[in-house]
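Peer 1: Here you go, one structure.
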């Protein structure tokens, strides 16, 4: 199924078989493709690029398709890696986090830092953090394969 090229997001680089590799939903995913292209929010004279996940209902392209600026895609990758790293040791806490100090890290970006913390505003955090940790563990093979690939490619680029 070809990603639409007539919508506001203008694909430039695409993966039109993403449904075949979409984690546990591989071969049965509604996420049919990924693209990097010209962002739908571009104004005259200003061009931003973005990443987009293209969802299809089986009948039409879904409004649930998501478009993100590339720096946000990378910020999500950074957050994912830091969360995975945190959960390797989270079992040491009785509640899988320290209620007195829920901040996990501050990661320097652009002269400031992205705060990574346990969401203590979630009224069910004590239960949800364990569910999250369990799901992260169950998906370790899928996540680790992608992190290994990303690591290899970054090393090849000199990072």
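Peer 1: Is any residue of region 122-159 close enough, with backbone N under 15 Å, to a label point placed 7 angstrom from the Cα of residue 21 along the Cα-Cβ axis, and if so, which?
Peer 2: Hits in region 122-159 for residue 21 at 15 Å: 142-154.
Peer 1: Give me 132, 148 sorted ascending by neighbouring Cβ count inside 10 Å, so fewest comes first.
Peer 2: Least crowded to most crowded, the residues run 148, 132.
Peer 1: Further question: Could you please rank 144, 62, placing first whichever residue has the fewest other Cβ atoms within 10 Å of its Cβ?
Peer 2: 144, 62
Peer 1: Going by alpha carbons, how many degrees (0 to 90, nearest 10) lie between the helix axis of 140-156 and the longest principal axis of the chain?
Peer 2: Its long axis makes an angle of about 70 degrees.
Peer 1: Can you compute the modelled spin-label distance between residue 150 and residue 109, with each label point 7 Å from Cα toward Cβ, in nm?
Peer 2: 1.2 nm
Peer 1: What is the helix-to-structure angle for 125-138, meaning the angle in degrees between its Cα long axis and the longest Cα principal axis of the chain, kept from 0 to 90 and rounded to the nearest 10?
Peer 2: In the chain, helix 125-138 runs at an angle near 60 degrees to the longest axis.
Peer 1: What does the extension gain come out to for residue 80 and residue 36, with contour length at 0.36 nm per residue minus their alpha carbon separation?
Peer 2: Extra length from residue 80 to residue 36 when fully extended: 13.8 nm.
Peer 1: Using a Förster distance of 30 Å, how high is the FRET efficiency between residue 6 and residue 71, based on the Cβ-Cβ distance and rounded to 0.05?
Peer 2: 0.65
Peer 1: Another question, if that's okay. Would you give the gap between the C-alpha center of region 1-40 and the C-alpha center of region 104-136, rounded to a whole Å?
Peer 2: Going from one Cα centre to the other spans 29 Å.
Peer 1: Compute the long axis of helix 70-87 from its Cα atoms, compare it with the longest principal axis of the Cα atoms of the chain, and write down the angle in degrees, 0 to 90, nearest 10.
Peer 2: 30 degrees
Peer 1: Counting other beta carbons within 10 Å of each Cβ, put 67, 123, 16 in order, fewest first.
Peer 2: The most exposed by this proxy come first: 123, 16, 67.
Peer 1: (i) 18.2; (ii) 15.4; (iii) 24.4: which one is Kirkwood radius over Cα pairs in Å as calculated from this entry?
Peer 2: (i)
Bear in mind these aren't lab numbers, they're just calculated from the coordinates by the rules spelled out. Keep in mind the model is a prediction, meaning the values are calculated, not measured. Heads up, the Cβs are rebuilt from the backbone with ideal geometry, glycines too, and the neighbour counts pull from every protein chain shown.
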